[in-house]
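To start, the structure itself, in structure tokens.
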Amino acid sequence: MAAIYQAVYRRASSLFCRLHSTYVRKMRYLNELKEDDSLCRQAQTSGAFYLFHNLSPFLQQVGKKYLVPQLSAAGALEKSVIESELKGSFTDLRKALFVVDGKDSPLLASAQSLLRWHDSHQYCSKTGQPTQKNLAGSKRVCHASGIIYYPQMSPAVITLVSDGSRCLLARQPSFPQGMYSSLSGFCDLGENVEETVRREVAEEVGLEVESLWYSASQHWPFPSSCLLIACHATVRAQQAEISMNSLELEEARWFALEEIVEGLKREPGSSKQDDGSFLPWFPPKQAIAHQLICEWVKQQTSQPA
């Protein structure tokens, strides 16, 4: 009987600790804010706000650093007035994500994605009637049909392909000059992650994946909010001749370890040579592609000679 009591007590104590941990309290409070308009209204009076204009966040430059000011409600002020009084500017999100502190990047990405979603879901897809958002902005409701719309993300894979001693990186036409990154593509309906990785690698560079494994994931606000599922994939070295799909890629090539290590040291804008060409550089550390590349480097350097 004592053993049963002790087991129940331990489970109850564990549950109590979980329910009263800082993380659990925070998550439950945020969930209440999404559903309770009165609670959300109270929070707004003491909350801090990020400012956006045409989906671009407001940044302040202090020395060589860019800061995201967290402000009280600014009211209906003109853009030029805000920039003048707060001594900053509204900055394209693609640039902002890579110049602010790591803690601000995911918040800016989430905020812009939510603003974009609301802008494109103002009408019910069934009735054509206007939808109304709740105070927290966590959903939109069509009162004519009762349909509730919630923000959604599109799943996509981002894959670093390697053949044992080299890794494959590519350029899309929209990339900044000199930047190479991992292969990426959206999941098709009915596909799992493994099928998407194999199909994308085959479509984009004409290679057949031999094995793959999951690394991590990241919310990405472009083009309109997706969940990047990062994977490593290997192909056989004997079958590693690239057959690039020029409709999707501008260039794709193999990189040796030494090239990758040097490329990681370069920063955007610092790779232009005297003849006008650009040395390869890779996505900055805030991007999950950077993590994939660094993991591959670590794997190569930790292998026995």
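Where a number appears in this text, it was derived from the coordinates with a stated rule and is not lab data. Nothing here was measured: the structure is a model prediction, and the numbers come from that model. Please note: Cβ atoms are built from the backbone with ideal geometry, for glycine as well, and neighbour counts cover all protein chains shown.
Couple of notes before you dig in:
- Mean residue ellipticity, 222 nm, helices only, the chain: the sum of -39500 (n - 2.57) across DSSP H runs of n ≥ 4, divided by residue count and rounded to 500, is -11000 deg cm²/dmol.
- Here is the list for the range 160-245: trypsin sites (Lys or Arg not before Pro) lying in DSSP coil, each with at most 15 other C-beta atoms within 10 angstrom of its C-beta, are R236.
- Between S21 and K126, the distance separating the two model label sites (each 7 Å from Cα on the Cα→Cβ line) works out to 3.9 nm.
- Based on Cα atoms of the range 36-111, Rg over Rh with Rh as the Kirkwood radius reads 0.99.
- The string of couplings for the range 157-172 from the Karplus curve (6.51, -1.76, 1.60, θ = phi - 60°) is 9, 10, 10, 9, 8, 9, 10, x, 10, 9, 10, 9, 10, 9, 10, 9 Hz, one whole number per residue in order, with x for Gly and Pro.
- One equal scatterer on each Cα of the range 178-221, no solvent, Debye formula: the resulting log10 I(q)/I(0) at q = 0.27 Å⁻¹ is -1.20.
- Partners for K126 among lysines (Cα-Cα distance below 28 Å; same-chain residues under 8 apart left out): K34, K139
- Across the range 154-302, the convex hull enclosing all Cα atoms gives 118 Å³ per residue.
- The distance from the alpha carbon centre of the range 161-198 to that of the range 228-305 is 11 Å, rounded to a whole number.
- W213, W254 arranged by Cβ crowding within 10 Å, fewest neighbours leading: W213, W254
- The chain: angle of helix 37-46 to the longest principal axis, Cα-based, in degrees nearest 10: 80
- Where labels lie 7 Å past Cα in the beta-carbon direction, separation of A216 and R94 in nm: 2.3
- Against the rule of thumb 2.2 N^0.38 Å, how large the Cα Rg of the chain comes out: 1.23
- Ordering of 63-69, 176-182 by packing is 176-182, 63-69, highest average first (other Cβ atoms within 10 Å, averaged per residue).
- The distance between label points at K265 and L55 comes to 3.8 nm (points 7 Å beyond Cα on the Cα→Cβ vector).
- Residue order, fewest to most surrounding Cβ atoms within 10 angstrom, among S165, S145, S105: S165, S145, S105
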